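Visitor: Quick one: the structure is below, questions incoming.
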Amino acid sequence: MAESSDRLKLDDQYTFACHRGLECYTSCCRDVNIFLSPHDVMRLKNAIGIDSGEFLRKYADIITVPGKVLPLVQLKMDPDNDKKCFFVRDHGCIYYEHRPWACRMFPLDEHGEGGFAISPSPERCHGLVKGNPWVVKEWLMDQGATQSKEADGQWESLATNQLLNEVEAENPQIQQMIIMALYDLDRFRDFVFNSSFLERFDLEPEKIDAVKTAEIALMDLGFAWVRFGLLGQKTLKLKQDTPAAGAKG
Ligand code: SF4
Ligand code: SF4
């Protein structure tokens, strides 16, 4: 069995089975740091049936990191209930099908380029003591972690963009723009359709329709706007742009 300190690759095996009846059951959903991606927030707020603003207010902490322009969004633990996740019950996670990427990964975590580690010890996570053999890549597919990570490709690429280091860090206005465009989709939709956004940016009618009706298209527009505003990339076209002005699209 792989030990918690071992570094695993996609084709490596480890042993794990999590189920009710274990003494540790649901203990890992308490007092834990879970960072949420834009897709994590979108999935959870839709599963709960609330808008993104309410989700961020009730269930998330927005964290700014010194020297970094990109804010982090963390799942809030309930201070009035022993720091448990708001979504855990005795029988498990009430939004299990919609749980964040980090919860899908557990007990694995990413460890270096292309590597994984078992994060809890077997003393803490009893499912590691006696379980089924899993190949890492099959576990990640089975849990939807691979699919979730692929969906967040744009977020990863933005978070690892070197040019971001040159953007004025810790500017509250920029950070609010990022939060709105990527995480607070209901507010961003309102902003797109009830501000001068569509007068300033040249979007094709089909794109406008898609943004109106599909949150994935809205989030794509959010990423395009953040890249345009933060990195100066030509991900959006200004209406006054002309070929003579050098817009390359
Ligand atoms: S600690 Fe491990 S075995 Fe226990 S509930 Fe959490 S994931 Fe399952
Ligand atoms: S979202 Fe679900 S799986 Fe993740 S910590 Fe909360 S209760 Fe546990």
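The values are calculated or read from the model by the stated rules, or taken from the named source; none is laboratory data. Computed from a prediction, not measured in an experiment: that's the story for all the values here. When we count neighbours, we look across all protein chains shown, and the Cβ atoms used for this are built from the backbone with ideal geometry, even at glycine.
Visitor: Within the group D82, D61, D31, which residue is of a type outside the set (S, T, Y), touching a residue at least 12 places away in the same chain (Cβ under 8 Å) and within 15 Å of ligand 1 (Cβ to nearest atom)?
Guide: D31
Visitor: Right, next: Looking at region 116-133 only, could you name the residues that are within 6 Å of ligand 1 (Cβ to nearest atom) and small (G, A, S)?
Guide: Within region 116-133, just G127 meets the criteria.
Visitor: With (1) buried (at least 18 other Cβ atoms within 10 Å of the Cβ); (2) at pLDDT 95 or above; (3) under 22 Å from E215 (Cβ atoms) as the list, and L108 as the residue in question, which single condition is left unmet?
Guide: Only one criterion is unmet by L108, namely (3).
Yes or no, residue by residue, for (1) in contact with a strand residue (DSSP E or B) (Cβ under 8 Å, 6 or more places away or on another chain); (2) more than 13 Å from ligand 2 (Cβ to nearest atom):
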{"position": "E23", "(1), (2)": "no, yes"}
{"position": "V32", "(1), (2)": "yes, no"}
{"position": "P38", "(1), (2)": "no, yes"}
{"position": "K45", "(1), (2)": "no, no"}
{"position": "V65", "(1), (2)": "yes, yes"}
{"position": "K68", "(1), (2)": "no, yes"}
{"position": "L75", "(1), (2)": "yes, no"}
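Visitor: Give me a count of the residues in region 6-28 that are more than 14 Å from V135 (Cβ to Cβ) and more than 6 Å from ligand 1 (Cβ to nearest atom).
Guide: Initially, region 6-28 is screened for residues more than 14 Å from V135 (Cβ to Cβ), giving 6-7, 17-28.
Still in the list and also more than 6 Å from ligand 1 (Cβ to nearest atom): 6-7, 17, 19-21, 23.
Number satisfying all stated conditions: 7.
Visitor: Let me ask something else. Within region 106-122, is there a residue that is within 11 Å of ligand 2 (Cβ to nearest atom), free of Cβ contacts under 8 Å to residues at least 24 places away in the same chain and on the phi < 0 side of the Ramachandran plot?
Guide: Pass one, region 106-122, residues within 11 Å of ligand 2 (Cβ to nearest atom): 106.
Then keep just the ones that are free of Cβ contacts under 8 Å to residues at least 24 places away in the same chain; that gives none.
No, region 106-122 has no match at all.
Visitor: Anything in region 89-115 that is near ligand 1 (Cβ under 10 Å from one of its atoms) and over 19 Å from the mean Cα position of the chain (by Cα)? List them, or say none.
Guide: G92
Visitor: Continuing with this model, one more query. Can G49 be described as at pLDDT below 95 and either over 17 Å from L182 (Cβ atoms) or surrounded by fewer than 16 Cβ atoms within 10 Å (Cβ to Cβ) (or both)? Give the derivation first.
Guide: Details: at pLDDT below 95: no; either over 17 Å from L182 (Cβ atoms) or surrounded by fewer than 16 Cβ atoms within 10 Å (Cβ to Cβ) (or both): yes.
No; evaluated as a whole, the condition is false for this residue.
Visitor: Any chance region 122-129 includes a residue that's assigned to a strand (DSSP E or B), within 26 Å of T15 (Cβ to Cβ) and modelled with pLDDT of 95 or more?
Guide: The initial filter retains those residues of region 122-129 that are assigned to a strand (DSSP E or B), namely none.
For region 122-129, residues assigned to a strand (DSSP E or B), within 26 Å of T15 (Cβ to Cβ) and modelled with pLDDT of 95 or more: absent.
Visitor: Here's something else I'd like to know. For V129, only one of the following conditions fails: (1) crowded, with 16+ Cβ neighbours inside 10 Å; (2) hydrophobic (A, V, I, L, M, F, W, C); (3) not assigned by TED's automatic domain parsing to the domain that holds G229. What is its number?
Guide: Going through (1) crowded, with 16+ Cβ neighbours inside 10 Å; (2) hydrophobic (A, V, I, L, M, F, W, C); (3) not assigned by TED's automatic domain parsing to the domain that holds G229 one by one, V129 breaks only (1).
Visitor: Out of everything in region 79-105 that is farther than 19 Å from C24 by Cβ and charged (D, E, K, R), what residue ends up being nearest to ligand 2 (Cβ to nearest atom)?
Guide: Filtering region 79-105 for residues that are farther than 19 Å from C24 by Cβ and charged (D, E, K, R), the one nearest to ligand 2 (Cβ to nearest atom) comes out as E97.
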